[in-house]
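Please read the structure below before turning to the comments.
Just so you know, all these numbers are worked out from the coordinates, no wet-lab data involved. For clarity, every value in this text was computed on a predicted model and none was experimentally measured. Here Cβ is always computed from backbone atoms with ideal geometry, including for glycine, and neighbour counts include all displayed protein chains.
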Amino acid sequence: MAFGVAAWLGGTSSGEAAAPVLALGVAGAALTGAAVVWPTALGPALAALAGAYAVLLLVDDPPPDSRAAGLAAALVVIGELVGWSHELAGRTTDEPGNAWRRPAWIAGAGIGALALAWAVLAVADLARVQGLAVEAVGALAALGALLLVRRGLAPSPQD
């Protein structure tokens, strides 16, 4: 999966950024494979894959899109898969039923990371746009804060 992420980032980058993006991506994928044996290599592996995306952003300067959300979900899934494969390679036996629970957990974590990253991108895009939508969100947030303060200051029925 890590090689797929490296290829995806390299394929979407321009000719100028393709070599450094692919180099970081392949290094991250190789470190991901090494992380199955040496778990301490997982952090640098994920950092190298994220660094490949950072180089793509610095060199190509693309407009904001959903690639960041896809990369976030991919990094979470890669990390979880490496952790699971490390556990399976150990001497301990897996508990009954974990053969279907762990993949479901990994898929759920990936979907959750994707949703959270999309939400962050949506908020960042909304903050970038000036207009009525931003004013409405700000007014609703202020109203919600006032209601919370009023509810916190109101005497409770036991008083």
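Details
- Ordering ALA54, GLY97, LEU42 by the projection of their Cα atoms onto the charge dipole of the chain, which places +1 on the Cβ of Lys and Arg and -1 on the Cβ of Asp and Glu, puts GLY97 at the extreme positive end.
- Taking every alpha-carbon pair within the chain, the share separated by more than 26 Å comes to 47 percent.
- Ranked by how many other beta carbons lie within 10 Å on average, peptides 1-14, 95-108 from highest: 1-14, 95-108
- Footprinting exposure proxy ranking of VAL36, VAL123, fewest other C-beta atoms within 10 angstrom first, gives VAL123, VAL36.
- GNM remark for the chain: springs join alpha carbons under 10 Å apart, and the peak mean-square fluctuation among VAL76, VAL55, VAL137 falls on VAL137.
- Cα long-axis angle, helix 42-60 against the chain (0 to 90 degrees, to the nearest 10): 70
- Charge dipole magnitude, Cβ of K and R +1, D and E -1 - the chain, Cα centre, debye nearest 20: 300
- Potential extension, LEU58-TRP100 segment - 0.36 nm per residue separation minus Cα distance: 11.1 nm
- Check: the range 33-110 dipole with +1 on Lys, Arg Cβ and -1 on Asp, Glu Cβ, in debye: 200
- Angle in degrees between helix 132-153 and the longest Cα principal axis of the chain, rounded to the nearest 10: 70
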